[in-house]
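The next block holds one structure in the form of structure tokens; read it before the comments.
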Amino acid sequence: MKRLHRLFVCTLAALPLGAAFSAQDAVEASSEANVAFAKELRALEVEFKEARSAVFTEMRKLPREEQNSYYRENRPDPEEYVPRFFDLGERAAGTEVALGAYRWVIANSQEDESFLVSMDVLMRDHIDSDGMVEICGALMRRPNGVDTLKEILAESRNPKVQGNACYNIAKRYVDGLDRGQDLPTAREDAERYLEKVIAEYGSFPCFGGPTLGDAAKRTLFAIRNLVIGKTAPDIEGEDIDGNAFKLSDYRGKVVVLDFWGNW
């Protein structure tokens, strides 16, 4: 009876050890797969960039008047790469590689099934990831991007993501104002979201720029002061002869402005 008891105890003691080995094997296999996925993502990104660079290289050999048409006719079509990035995102589900792959789809595809599925996966699996910051910038340029940005702002628990979503919502309203789409509440909405950015997310980095607070303050100043019907902020400088002047010196006068520069 004692022998059986010892055997039973030894068997139970061995189970966690075997389970540990299995778990370790699974972790190593998962790590190897993630490394392979990361290499595949990088290779796809490099392939597209090199294809585009090759077109630029040939374009620059042509006369300036022919360059634009050459580029339009020969540039690599991002849509042709979308299925490969989308497939990688599916195979690398739940990883940062999947986030990167779907992010590329969002930035470079039309609002087709690939785009919609990618967005659903990102909202489900990566809503709190820092990588969603770049997604916010891409969504700002989408026709229905504001609605998705508002979802991100409401659902993400990452303040960096929330702040960039909030700022890009405001930018979308501001862009509408710049295009003359002065909807009844667009200006008020833009100011409200910009003020929210300054108050709640001002210290966080803005994708591709300074802090969100600095970016929001500049944008807020522009829509409140640098618009038709507002008095232009006064500036001081020197004319071509070195004489000091202020912009306000010419208020109410007819002037000719000559802009020039050397590059």
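Rule-based calculations on the coordinates, nothing more; no lab input. Computed from a prediction, not measured in an experiment: that's the story for all the values here. Positions of Cβ are generated from backbone atoms using ideal geometry, with glycine treated the same way; all protein chains shown enter the neighbour counts.
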For THR211, what residues show an amide H to amide H distance below 5 Å, using hydrogens built from the backbone and excluding near sequence neighbours? CYS206
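Using 0.36 nm per residue, how much length does the chain from LEU62 to GLU96 gain when fully extended, once their Cα-Cα distance is taken away?
Between LEU62 and GLU96, full extension yields an extra 8.1 nm.
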Count of lysine pairs in the chain with Cα separation under 14 Å (8 or more residues apart, or interchain): 6
In nm, the gap between the two label points placed 7 Å beyond Cα toward Cβ at LYS253 and ILE235 is 1.7
Enumerate the whole-percent occupancy of each 5 Å bin, from 0 to the last occupied one, for all C-alpha pair distances of region 127-258. 2, 10, 17, 19, 14, 10, 8, 7, 6, 4, 2, 0
Taking the convex hull of the alpha carbon atoms in region 33-125, what volume per residue do you get, in Å³? 86
If the viscosity is 1.306 mPa s and the temperature 10 °C, what translational diffusion coefficient in µm²/s does Stokes-Einstein give for the chain when Rh comes from Kirkwood over Cα pairs? 68
Comparing ALA165, ALA54, ALA190 in a Gaussian network model of the chain (Cα, 10 Å), the one with the largest mean-square fluctuation is ALA54
